[in-house]
Amino acid sequence: MLLAFATTVAFSIDFAYMQLVRSELRAATDAAAKAGAEALMRTRNTSAAVDTTREVAAQNKVGGRNFMIRSSDVVLGQASVGNDGLWRFTENLLPYNAVRVNSRVGGTGLFPAVPLFFGKLLGKDGFSTSAKATAAQQSVEICLCIDRSGSMSYNMDGIDFRFAANNPLLYPSSYYSTQRNRNIHSPPHPDESRWAYLRAAVAEFLSETSKLTNPPRTALVTWSSDASLTLYPGSVSAPVIYTTATTNVALPTISGFNWSANALSIQNSLNALAQKPLAGATRLSDGLDRAVQVLTGTGSQVQSNKVVILMTDGMWGDCRDPMLAAQDAAAAGVTVHCVSMLTGTQEILTRVANLTGGRYYPTSDANGLRNAFRELAQTIPIVLTE
């Protein structure tokens, strides 16, 4: 009985270890396929795609060792979605838009079989297994959902009502009772305000997106709360008025779509907002609701994946619970990626992203903000199809 008990324990330990190896192999294979597909779309170079796939595979550990695959384990081809909604991969079919990785542990694979703790007792020298993953560029529709509340005029210190010095866009001081009012009612600093750094991050996003074989059709929604600024030149005849959420750039139709024109419209809209004061509170749910409407309305294609990139520098308030908006987004098949600036990690944004299948990027400086938008541009169009 003792021998039987020891054998059962040994088998249980090794069985659990084999499951761990399978999970590690799956993670390494998925990561390698996605990285290869991203490199293929970005560089349009097959050798670079294969090299990147192998490099990322080697960055993952399987059984405590860096995983390895051969170049021949990386297969390029074309993946497409059928009328039944299923992806199909055809090897070596041009133009390439997908990467398949055939991973093996042991057997004919470059990576040897994984030794078991009680292999000799069980009469098994090592554990062999395999995995396969295919990643491809997907058809995507994106809505940039940007916070334009008054705090976006602040500097990057993370302190309320702290404005960048020497703002060349400040209106004459004779219009205002205090310097704070002058800053609040003037356009944000063109280089050192949060709005300026946001514009630079979006420019990074658009630049990275332009490298894709098929850049996604992209809309722009900006939001805050209803606001009217009257303490500025010309306020009597033409006050600055903001509505809660505005569709600054509608989702382009697929017919005659031109990415360069799309990107230019987004940049021009953000630049135009930089020429007048920003105002209002953080009515986050209103902005998210409008973004979902844009991605499910005119110009939207049923078969496209719909993605919102929600960016804010504040805490939500004076609106419905963002989780209710996230539930509506998820029900509409919309993924929401969240980016925060200078707020620390927000639990509510983590939950919104998790519920909709997105990611959350809390950022604390300009570099972090740019990196978040760059990573989103590179990874959003890539999906695991198998």
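The values are calculated or read from the model by the stated rules, or taken from the named source; none is laboratory data. What you see is a predicted model; the values in this text were computed from it and never measured. When we count neighbours, we look across all protein chains shown, and the Cβ atoms used for this are built from the backbone with ideal geometry, even at glycine.
Of the residues making up segment 297-332, those that are small (Gly, Ala, Ser) and surrounded by 16 or more Cβ atoms within 10 Å (Cβ to Cβ) number 8. On the basis of being at pLDDT 90 or above, in the same structural domain as Lys306 (by TED's automatic domain parsing), among the β-branched types (Val, Ile, Thr) and surrounded by 20 or more Cβ atoms within 10 Å (Cβ to Cβ), does Ile146 make the cut? Against the criterion (at pLDDT 90 or above, in the same structural domain as Lys306 (by TED's automatic domain parsing), among the β-branched types (Val, Ile, Thr) and surrounded by 20 or more Cβ atoms within 10 Å (Cβ to Cβ)), Ile146 qualifies. On the stretch given as segment 21-42, residues that are in contact (Cβ under 8 Å) with a residue 12 or more places away in the chain and either closer than 24 Å to Ala113 by Cα or loosely packed, with under 15 Cβ neighbours inside 10 Å (or both) total 12. Once segment 69-93 is narrowed to residues that are part of a strand (DSSP E or B) and touching a Phe, Trp or Tyr at 6+ places or on another chain (Cβ under 9 Å), the residue that is surrounded by the most Cβ atoms within 10 Å (Cβ to Cβ) is Ala79.
Which pairs have Cβ atoms under 7 Å, sit 6 or more apart or on different chains, and link a residue in segment 149-175 that is more than 28 Å from Leu310 (Cβ to Cβ) to one that is of a type in the set (A, V, I, L, M, F, W, C)? Going by the 7 Å Cβ cut-off, the qualifying pairs are Tyr175/Leu231.
Could you please let me know if Val50 is assigned to a helix (DSSP H, G or I), out of contact with any helix residue (DSSP H, G or I) (no Cβ under 9 Å at 6 or more places or on another chain) and either at pLDDT 90 or above or under 23 Å from Phe127 (Cα atoms) (or both)? Judged against the criteria, Val50 is not a match.
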